[in-house]
Structure formats: structure tokens, C-alpha cells
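The values are calculated or read from the model by the stated rules, or taken from the named source; none is laboratory data. Treat the numbers as computed from the prediction; the structure is a model and nothing was measured. As a convention, Cβ positions derive from the backbone with ideal geometry for all residues, glycine included, and neighbour counts pool all protein chains shown. Accessible surface areas use protein heavy atoms only, side chains included; no ligands, DNA or RNA. Shrake-Rupley method; radii C 1.70, N 1.55, O 1.52, S 1.80 Å.
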Amino acid sequence: MNYLPIFIDIKQKPCLVIGGGDIALRKINLLLKADAAVTCVSTECCDGIKKLVKNNKIIHIEKAFEATDINTQMLIISATDDSTLNAQVSVLAKAANIPVNVVDSPELCSFVMPSIVDRSPIVIAISSAGKAPVLARLIRAKLESTIPHAYGKLAELAGNFRDQVKAKFNNIEDRRYFWEKTFSGIVAEKVFSGKVDEAKADLQAQLDGSTDSGVGEVYLVGGGPGDPDLLTFKALRLMQQADVILYDRLVSDGVMELVRRDAELIYVGKERDNHAVPQGDINQLLVDLAKQGRRVCRLKGGDPFIFGRGGEEIETLAENGVPFQVVPGITAASGCSTYSGIPLTHRDYSQSCRFVTGHLKDGSMNLPWDELAVEQQTIVFYMALVGARHLSEQLIAHGMRGDMPVALVEKGTTPDHQVYVTTLAGLPDLVENTTIHAPTLIIVGEVVKLREKLNWFDVGSD
Ligand code: SAH
């Protein structure tokens, strides 16, 4: 280790910043976050520093740096572009044994400033010992994206219960087990979803022994259209902590790769007219698994509330008193159109967009064709491959032009993403004479023309 990572308490302690530019301002703001008493010395200063002075946040001394300025300081940062001055500050501070940092000059520093992930009271500091600060920043970005913002609140909550937990469990092993369960269980999830008071009450009830905490939880998670990079952070977190995953045909292999390795996987597949597990049984299975105390992730393609029957599944959970959370996902219309270079709305071509299903409950396609067959509108048909001829005929019969552009997107956003562009009149022939694999989405509207210019996703071709 080149440096010892430590966290120093600088609350109300004198800290000196030399320099008055934007970089000095950034360092001052950081010191202020840790509640330091900051003095800034510089001949000139930027507006940001002036504002801090005006708001009585720091003291600014308008003058050139002098050796005596370092007296009584606890920590010094030199942020000037004068290398002679920076070197002088470094020598003086080191001689006086005051920790000093000179921006962008690791050889002059006695301490380096890390990249920080701030989930106070949890703080993660990353340092490359001044060798590769950009790499440290990239690592920071990775951590930022995987550590939920509410970890701070969770740590805060744990802090408030620390003494009670210590009193209840004499044994350190028992304490550790309790905290591990808390940090990866329902209490943590409640904190993450903003229900801190409920989380507190649950934790208290567990410590009082007044809950059986026997019921698990169900996460109804939108897995997006296929590309795993389109998952939300929340979806990924819940997929990785669930004990059981119920998934169906629409969830892509790439997304399934990311579920917890040792989770039990239950396929409840769904194909048109061939439901591997009937919907009612899926609803009941979710209830039964949760009642066994398990954390169940019901993973669905796209968004669970868009033609996903997610509403029915959580209705049964609600009726049975099973706690649940719903995580939205990128719906097929959004993913497929974007990855095909087709904006769903555009000032010149379309001011509204409708998502409709081409497969109704009773098997028919009884849609409000008059409302659909209008100009300046995009229509996205889900589950419409079988009904393609019918929808083409109906739209034309209700006044839509036969040369209206249409795109058919097959396995959108996946490595097999394929787009077929045709016209409304040409759609039936295309579908009947081409081998097209589900899932597919049909986009009807002038916006389809924009694909010629805006296509950016290279996999697949027309
Ligand atoms: N809840 C899902 C939709 C479920 S309905 C969502 O929000 O996306 C199933 C239909 O979605 C399929 O018949 C197809 O029309 C569409 N679909 C889902 N994923 C798709 C994909 N990757 N490519 C093309 N169409 C897709």
C-alpha cells in the first residue's frame, strides 16, 4: 500500500486552501461537506468562492500566501497553478507535520484525495495513489451505479438499533447473522423503497419477538425487451437477491444470466394460446412461495404493467396480504423503436403514440379502428403477428393510406434484432412470405421513414 486509507474528523477544524479558482472551490466544497472551518488564501477568487464568503461559509483572506499562514492549520490543500508556490507550500507543511495535498502533483502531497462514493454515513474512498485518477473515477462510477442511494439511510437505521441488538444477542455470531438477514431482507427493501418508518417498526417487532416474520415478499420486475443493459439498477438488485425466480419466454437469455446464481428457477412460459402455466396458477404460486417466507422475483419481459398481466398477479398478492414491489421496465415499444432508429413521436410526423394489443382476450381484434386510422399518430401493435393481415385491412378500410410506412421488429434489442420495413398494404404479404420469429412488434406511422437517417444499431438488417 502506498498510502494508509483513513477517515479524519475535521468538523470545525481549521483547514487552509491556497488558490481562488474553480479547482480550489471544488476542494473547499468537499471540505465543507465534512464540516471543516475553511480559510482560503488567494489574491483573487472566483464567483463561487465569493458566494461562500458572502454566505459566511468560509473565510477568505485576499493576499499572497505567506509561510505563517500554515500556523495552527490541521490540513492544507494547495490548488494554485503556480508550481513554485505549490512546492513552497508542500515543503513548509511537511516540515510542520501538517498533512498537505497539492492538486495534480502527487510528489508534493503527504496525502492524496480519493474518488468518493458518498452514502453517508457509509463513505467509500478509492485511490490510485495518484497514478491513474481517471481509472479511480471509472471504478467510482461503477460503484455509484450498483450501490443503492438509500444505503446511507439503512446504515443510519442500523446505527439507531445497534445498542438494542447488542443487548439482545450476546454472541457476536448471532449478531452478525441478524444484521446479515436485515441488510439483505425485507427491512432493507422497505428502506430502499422509501418506507423507513415501516422498516423501523419491523425491526423493532423482530427485536421484541412480536412478529413471526414468516412471510416473504414478491418483486414484480420488468426485465425489459431483451438487452440486459436496459435493466434498471433496482431490477438487477432484486433479481440478485431473490430466492426464487419465476420467468417466462419473453425474458431474454442475457437477462437470465444476471439472476442470482443459486436461486431456484421456475419457468412459467407463455406462448400465444399455449400458456405453459395458466395465469391463475402463476398468481397462486407467487402467493404460496412468498408464504413459505421466500423472496420471489416474478421476472417479466418489458414492463410488467404494459400488456404484461402484472396487475392481475399483484391483485392476488394484495388479496392474500403478501407484500410486494413493482419495478418498471423498458417496454418493447420503447426498446424496439429506439434500437431501430424510429422515434415514436416527432414534431413533423407524429404528435401522439398509441400502444395497442393485436390479441384480445377472446382471440378477436376488436379495436377502435376509426381512432387508429388517423394521420400524425404512431401506432404500436403488440402481439400482432397473427393478426397482421387483419390490422392492415382494417386500417385501410378505415381510411389509412396503403403506403403508410410500417416496421416489423423481430426480437428487438437482442443480438437477433431484425427490422423489416414495408407499407401498410405490403404488410400481409411480408408476414405470410417471410419466416418471422416471435416476439415481434409492428410500428405503423410516418416516423418509420426516419429509420433511413437515424438507424444506429448494427445487429440485423432489413
Ligand atoms: N410487457 C411486455 C409486453 C408483453 S406482450 C412489454 O412491456 O414489452 C408480448 C408482446 O410484446 C410480444 O408479442 C411482442 O409484440 C412484444 N415484444 C416483447 N418483447 C419484444 C421484443 N424484444 N421484440 C419485439 N417485440 C417484443
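With a cap of 12 neighbouring Cβ atoms within 10 Å, and only residues DSSP puts in a loop, list the trypsin sites (Lys or Arg not before Pro) found in the range 105-165.
Numbers: sites: Arg119, Lys131, Arg137, Arg140, Lys142, Lys153, Arg162; in loops: Lys131.
Qualifying residues, ordered by number: Lys131.
Close lysine pairs were tallied over the range 109-254: pairs 8 or more places apart or on different chains with Cα atoms under 12 Å apart number 4.
Counting Lys and Arg as +1 and Asp and Glu as -1, what is the net charge of the other residues whose Cβ lies under 13 Å from the Cβ of Ile116? Don't skip to the answer; put the middle values down first.
Values: positive: Arg26, Lys27, Lys33, Arg119, Arg137, Arg140; negative: Asp118, Glu144.
Value of the local net charge: +4.
Among the trypsin sites (Lys or Arg not before Pro) found in the range 1-70, those both in a DSSP coil and sparsely packed, with 14 or fewer other Cβ atoms within 10 Å of their Cβ, are Lys11, Lys57, Lys63.
Using C-alpha pairs below 8 Å separated by at least 6 residues, the relative contact order for the chain is 9 percent.
A DSSP coil position with no more than 14 other Cβ atoms inside 10 Å describes none of the chymotrypsin sites (Phe, Trp or Tyr not before Pro) in the range 171-273. In terms of accessible area, using a 1.4 Å probe and ignoring ligands and nucleic acids, Glu144, Glu452, Glu180 rank largest first as Glu452, Glu180, Glu144. Computed on the range 214-330, with alpha-carbon pairs under 8 angstrom and 6+ residues apart, the relative contact order is 44 percent. For the range 14-113, the Cα-based Rg and Dmax, in that order, read 12.1, 35 Å. From the helices alone, meaning DSSP H stretches of at least four residues, give me the mean residue ellipticity at 222 nm for the chain, per-run term -39500 (n - 2.57), in deg cm²/dmol to the nearest 500. Computed mean residue ellipticity for the chain: -10500 deg cm²/dmol. Overall, the accessible surface of the chain at a probe of 1.4 angstrom is composed of carbon and sulfur to the extent of 52 percent.
Using a 1.4 Å probe, what is the accessible area per residue for the chain, in Å²? Write down the numbers at each step before the final one.
Values: 23940 Å² over 462 residues.
About 52 Å² of surface per residue is accessible.
Values of log10 I(q)/I(0) for the range 214-330 across q = 0.10, 0.17, 0.18, 0.24 Å⁻¹ run -0.24, -0.73, -0.83, -1.53, by the Debye formula with one identical scatterer at each alpha carbon and no solvent. Three semi-axes describe the equivalent ellipsoid of the chain; taken as square roots of 5 times the Cα gyration tensor eigenvalues and ordered largest first, they are 55, 33, 18 Å. Distance from the C-alpha centroid of the range 235-299 to that of the range 137-185: 27 Å, rounded to the whole angstrom.
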